[in-house]
Amino acid sequence: MDHISACTLDCPDCCSVLVRTGDDGNVSITGNPDHPFTKGFICAKGRRAYTRLCAEDRITTPLMRVNGAFTPVDWDTALDAIADKIAALRETPAAMLHIRSHGYRGVLAEASTFLFRSLGASSTRGALCDDAGIEASIMDFGALHHNDPHDLLNAGFIINWGKDFSRSSLHLGQIIKEARKRGKKVITISPGGDGNAEYSDTVIRIRPGTDRFLAAALIRKLLVRGYASSTALLKSANWESFKELISAQDERRLLQACDCSQNDLNMLANIYANMDMKPVASILGWGLQRHVFGGENVRFINALAFLSGQVGRKGGGVYFNISSGRNLNTSWARDAGTPARRLLIPAIGREILSAEPAIRFLWVDGSNFVNQTPDAATNIKAMEGIDCTVVVDSYMTDTAMRADVILPCAQNHEREEILGSCLHNHVQYSAEVFPPKGESRHDFDIMSDLARRLGITPPDREEVLRQALDTPFLSTSLEELRDKGFATANHPAIAWEEYEFAHPDGKYRLPETLHTEPAFPEGFDMQLMSLVHRDYLHSQIPETAQNTLPTVWVNSGAPVLGTLDRDKPIYLATPKGRMEVTVEVLTDLHPRCIIIRRGGWMKHGASANPLIETRITDIGETAAYYSQPARLEN
């Protein structure tokens, strides 16, 4: 039997899937062939979803810590104990902290947001992923919007600023391959070490985190040549101050800052100058914003596309992000109350330790924050001082193992959900194909039971789902969505086509600063980049896949290789500490880079986050993971 469902992982593709269950007990998961974006194929992570549901190490009953060890308990015992802890803190809601991330997505997944906003508890601010780029784009355009991804097929040139098409979006990668088949040219600008060679006609290697200097050099060259769009100049709110900033730059120094050649600059300038009248689409990877000046990186690339006349154009535009929730109504959770305060998530351990009043109760769902945020050792220390920590999860992660109570939740295809994408404008329906394993429960039901114990009336689940579809962009019913599996929101295929931007005056905002790169401390002359994994999403890695030393990659000609004794243990080191690794080499990687794949767990010695210092991006309060100085040593 076929069931239409969807993948709820934290991925831009947000795939619609078919789950096929046979009388023999066999299960297969494939892409929905009727979905306009999924088009019948999905990644290995999506195909393996049922295996994850049946994992032997999955937690399927509530656990409470008794005398230092976890003991199975029934739901009433667990929820009664949690309710008592919360009730004791009702008069000081700031002492309760709610941490939620995107381990799974959907409108019902906002249940914990409803509960803890109703309580007025503390929440978090900032981000671990893309907020630097989001806020930068909003500063420029006034709102998040980009062309329909399939409009890339109308481009003459596609400039890829660092997105790894082999790992980060399977379907976007397929669009790129189709574009090349149609004769479109793809130029990738990247520090290397990715899988972009097979997707690109030309690869330009630059120093990591310096995209803004290359974009600024290109803008300067366009202005000198007189190729800036006259329409763009008229629609800029701050053109004169930006012109002064760019005019003061030295082209040679800009190229030195990003390690780009004059020939590459000239080639890109000719493309953006539109000399052959072919539209140019710019794709921004979700890595260039994870630097100290990540917001500037995004803003200067946006400015380049805007000033060259590529914004608002069929086949052109800038692709970074759209809000995955813009087509759904989640006001039931968002408007339930106001957090007492917001602690900075990229520095959450430090924030908890310095909080006044102190954090005495912590609720965590959709997040393995102990493992996934910088300065992980401080996160552990912070948790040790909290009276009661509740973690909603299905696996004994680095966060769950430090909880006082673990509540097992239903997984993808075990719970009903509606969710949107941050890449395309289709809303997906995820079905409850399988009953939750063991005593696992839907997060919404966990919240509802706990809310009633606290005298809070939870919303009706069916009403929440119907309300989610009550937006200006959708014209579908819940029944239709359940039957079809998806709905398409009504947005223009070409963003900003009328050159009316979302700022009150309708004008675009250009950046007004261009900062130099921070200096690295003596002895740490390389840059650590914890990049996306091909096979697993973030820290959702089976423990059985973490039984070897983590691998790092460096350039085959990196000087450090000549100083290492391969017969002795090799360590990745930063000013925070070091971890043992194995070393492999790549020929296309920038010589300043060390790459490690993200997601490994601390308890297996596979997480780099204990070595990453707390740095915050210039815009959007995002973790600047990729600005970490590092070295290799024996």
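For the chain, what proportion of DSSP beta bridges, expressed in % and rounded to the nearest 5, is antiparallel? Mind showing how you got there, number by number?
Numbers: 36 of 82 bridges.
The answer is about 45 percent antiparallel.
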>> To make sure I understand the rule: partners must be aspartates and glutamates, Cα under 20 Å from the Cα of LYS39, and not fewer than 8 residues away in the same chain. Which ones qualify?
In response: ASP2, ASP10, ASP13, ASP148, ASP151, GLU178, GLU480, ASP483
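How would segment 131-319 be classified by its alpha-carbon gyration tensor: rounded, prolate or oblate, with rounded meaning a/c under 1.5 and the a/b versus b/c comparison settling the rest?
rounded
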> For the chain, what is the relative contact order in percent, using Cα pairs closer than 8 Å and at least 6 residues apart in sequence?
Replying inline: 22 percent
> If one computes the Cα centroid of segment 84-133 and of segment 518-551, what distance in Å separates the two points?
Replying inline: 28 Å
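If each residue of separation counts as 0.36 nm, what is the full-extension length gain between GLU462 and SER477 once their alpha-carbon separation is subtracted? Can you show the working numbers first?
Values: separation 15, 0.36 × 15 = 5.40 nm, distance 1.20 nm.
My answer for the length gained is 4.2 nm.
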> Taking the Cα centre of each part, how many Å lie between segment 470-514 and segment 342-386?
Replying inline: 35 Å
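What is segment 295-427's relative contact order, in percent, from Cα pairs under 8 angstrom and six or more apart in sequence?
Working: 135 pairs, mean separation 33.0, N = 133.
Across segment 295-427, relative contact order equals 25 percent.
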>> Checking the a/c ratio against 1.5 first, then a/b against b/c, what shape does the Cα gyration tensor give for segment 480-634?
In response: oblate
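Sorted by average packing, counted as other Cβ atoms within 10 angstrom per residue and highest first, what order do 591-601, 465-475 take?
Values: 591-601: 22.1, 465-475: 17.0.
Listed from highest to lowest mean packing, they are 591-601, 465-475.
What list do you get for LEU450, LEU233 if you sort them by fewest beta carbons within 10 Å? Please report the intermediate quantities before stating the final value.
Values: LEU450 23, LEU233 16.
Ascending Cβ contact count within 10 Å gives the list LEU233, LEU450.
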> Near ARG615, within a Cβ-to-Cβ distance under 13 Å, what is the net charge of the other residues, with Lys and Arg +1 and Asp and Glu -1?
Replying inline: -2
> Quick one: MET447, MET529, MET602, MET1, fewest Cβ neighbours within 10 Å first, how do they rank?
Replying inline: MET1, MET602, MET447, MET529
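I need the trypsin sites (Lys or Arg not before Pro) found in segment 45-80, filtered to DSSP loop residues with at most 16 other beta carbons within 10 Å of theirs.
Details: sites: LYS45, ARG47, ARG48, ARG52, ARG58, ARG65; in loops: ARG48, ARG58.
Listed in order of number, the matching sites are ARG48.
Please arrange VAL311, VAL585 by counting, for each residue, the other beta carbons lying within 10 Å of its beta carbon, fewest first.
Working: VAL311 30, VAL585 12.
The most exposed by this proxy come first: VAL585, VAL311.
Under the classification rounded if a/c is under 1.5, otherwise prolate if a/b is larger than b/c and oblate if not, where does segment 12-62 fall, given a ≥ b ≥ c as square roots of the Cα gyration tensor eigenvalues?
It comes out oblate by the Cα gyration axes.
Read-outs throughout are calculated quantities, based only on the coordinates presented, and are distinct from any laboratory measurement. Since the structure is predicted, the reported quantities are computational estimates derived from the model, not experimental observations. All Cβ positions, even for glycine, are placed from backbone atoms using ideal geometry, and neighbour counts span all protein chains on display.
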